Ligand code: DC
């Protein structure tokens, strides 16, 4: 198997990770993996099975046995959950579900297997450069102002209630950045880019130029 580049892109919600990761992958002909969608899929399956989002052991078992495809569509145990994983119910519990070490261990295992199977790729998330692929060819950390992140997220969700979106993002930021296991953090040697006032193409250029 040809070994291609592995690029890790981390950052908080609304920092531009997904847009930039997709564009970089398309530009370089690499596969793209959205690991946030994987944690959302576990949260979705937990809600379907009425599991307690605080029960790490049960959630770890669920994560181990569920079938999960993450690509253009997100398919959980044979069911298309692409839209549902972005909904308010999943968004409310995903930070709690993803904080459990049992869940993370299983997702990290799947993420490494994915990269192995694809010979590399562009992988986006919160702990990709710090924990999952600390030896990635390139590590990127994206940021943006709180106002801009809320504006983007509200536009994605098609809501005018930017205040509520900003409050939800702030709660998730705090949980994701302060959890004991693999908190959101800038990896050693990461290229840090503030995307606030920058066109996507410009950010993609900066990333690709660093390879
Ligand atoms: O990128 P996103 O907003 O779709 O991610 C959803 C949640 O998943 C986020 O609040 C934290 C968690 N997550 C994580 O813990 N580790 C990752 N590598 C990716 C996401």
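Scan (1) under 22 Å from residue 47 (Cα atoms); (2) touching a strand residue (DSSP E or B) at 6+ places or on another chain (Cβ under 9 Å); (3) surrounded by 19 or more Cβ atoms within 10 Å (Cβ to Cβ) for the single condition residue 110 breaks and write down its number.
Unmet condition: (3).
Return yes when residue 163 is within 21 Å of residue 104 (Cβ to Cβ) and in contact with a helix residue (DSSP H, G or I) (Cβ under 9 Å, 6 or more places away or on another chain) and no when it is not. Write out each step before concluding.
On the way: within 21 Å of residue 104 (Cβ to Cβ): no; in contact with a helix residue (DSSP H, G or I) (Cβ under 9 Å, 6 or more places away or on another chain): yes.
Considered against the rule, which asks whether it is within 21 Å of residue 104 (Cβ to Cβ) and in contact with a helix residue (DSSP H, G or I) (Cβ under 9 Å, 6 or more places away or on another chain), residue 163 comes out as no.
When segment 91-102 is examined, which residues are found to be buried (at least 17 other Cβ atoms within 10 Å of the Cβ) and under 21 Å from residue 187 (Cβ atoms)?
95, 98, 99
State yes or no: is residue 80 farther than 26 Å from residue 139 by Cβ and out of contact with any helix residue (DSSP H, G or I) (no Cβ under 8 Å at 6 or more places or on another chain)? Quick ask: steps written out before the conclusion?
On the way: farther than 26 Å from residue 139 by Cβ: yes; out of contact with any helix residue (DSSP H, G or I) (no Cβ under 8 Å at 6 or more places or on another chain): yes.
The answer is yes for residue 80.
Report yes if residue 67 is modelled with pLDDT of 95 or more and buried (at least 18 other Cβ atoms within 10 Å of the Cβ), otherwise no. Don't jump to the end; show me each part of the working.
Details: modelled with pLDDT of 95 or more: yes; buried (at least 18 other Cβ atoms within 10 Å of the Cβ): no.
It is false that residue 67 is modelled with pLDDT of 95 or more and buried (at least 18 other Cβ atoms within 10 Å of the Cβ).
Hey, can you tell me all the residues within segment 163-177 that are crowded, with 16+ Cβ neighbours inside 10 Å and more than 14 Å from the ligand (Cβ to nearest atom)?
166
Tell me which residues, restricted to segment 102-142, are within 11 Å of the ligand (Cβ to nearest atom) and more than 29 Å from residue 196 (Cβ to Cβ).
103, 104, 107, 108
Touching a strand residue (DSSP E or B) at 6+ places or on another chain (Cβ under 7 Å) and crowded, with 21+ Cβ neighbours inside 10 Å: does that describe residue 44?
On the way: touching a strand residue (DSSP E or B) at 6+ places or on another chain (Cβ under 7 Å): yes; crowded, with 21+ Cβ neighbours inside 10 Å: yes.
It is true that residue 44 is touching a strand residue (DSSP E or B) at 6+ places or on another chain (Cβ under 7 Å) and crowded, with 21+ Cβ neighbours inside 10 Å.
From the list 180, 187, which one is crowded, with 20+ Cβ neighbours inside 10 Å, within 15 Å of the ligand (Cβ to nearest atom) and more than 14 Å from the chain's Cα centre (by Cα)?
Only one candidate qualifies: 187.
The values are calculated or read from the model by the stated rules, or taken from the named source; none is laboratory data. The shown structure was predicted, so the numbers you read here are calculated from the model rather than taken from an experiment. As a convention, Cβ positions derive from the backbone with ideal geometry for all residues, glycine included, and neighbour counts pool all protein chains shown.
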